[in-house]
Amino acid sequence: MYFKLYKDSQGDWRWTLYAANHRKIADSAEGYNKKSDCEDGIALVKSVMASTPVKD
């Protein structure tokens, strides 16, 4: 898996999470004015991935 960090057409920072097969798994759903805020969003997702419960 990997994250792609990029600027959208309005100049906001966004991230997308891709699987090993290059398919999109998740995205930031909102733009960030500052790159550092976007990187903080990525760090948050990384920190909860393994510990997040699955509910059905």
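The chain: which trypsin sites (Lys or Arg not before Pro) are DSSP loop and have at most 11 other beta-carbon atoms within 10 angstrom? Working shown, then result.
Working: sites: Lys4, Lys7, Arg14, Arg23, Lys24, Lys34, Lys35, Lys46, Lys55; in loops: Arg23, Lys34, Lys55.
Taking the chain and a limit of 11 other Cβ atoms within 10 Å, the loop trypsin sites (Lys or Arg not before Pro) found are Arg23, Lys34, Lys55.
As a check on your grasp of the helix formula, calculate [θ] at 222 nm for the chain: sum -39500 (n - 2.57) over DSSP H runs of n ≥ 4, divide by the residue count, round to the nearest 500.
On the way: 1 runs with 14 residues, N = 56.
Estimated from H runs of four or more residues: -8000 deg cm²/dmol.
Between Val45 and Leu5, how many nm apart are label points set 7 Å from Cα along the C-beta direction?
1.3
Cut-off is 10 Å between beta-carbons; in what order do Glu39, Glu30 appear when sorted fewest neighbours first? Before the final figure, lay out each step's value.
Details: Glu39 15, Glu30 10.
The most exposed by this proxy come first: Glu30, Glu39.
Quick check on the stretch 2-48: take the gyration tensor over C-alpha atoms, sort the square-rooted eigenvalues as a ≥ b ≥ c, and tell me if it's rounded (a/c under 1.5), prolate or oblate.
On the way: a/c = 2.45, a/b = 1.34, b/c = 1.83.
Because a/c hits 1.5 or more and a/b fails to exceed b/c, the stretch 2-48 counts as oblate.
Across the stretch 2-48, how many lysine pairs, 8 or more apart or on two chains, come within less than 18 Å at their alpha-carbon atoms?
Taking the stretch 2-48 as the scope, the lysine pair count is 9.
Tell me the angle of helix 35-48 to the major Cα principal axis of the chain, expressed in degrees between 0 and 90 and rounded to the nearest ten.
Approximately 0 degrees, to the nearest ten.
Where a number appears in this text, it was derived from the coordinates with a stated rule and is not lab data. In this text the structure is predicted, and so the values were computed from the model without any measurement. Cβ sites come from the backbone with ideal geometry, for glycine too, and all protein chains shown count toward neighbours.
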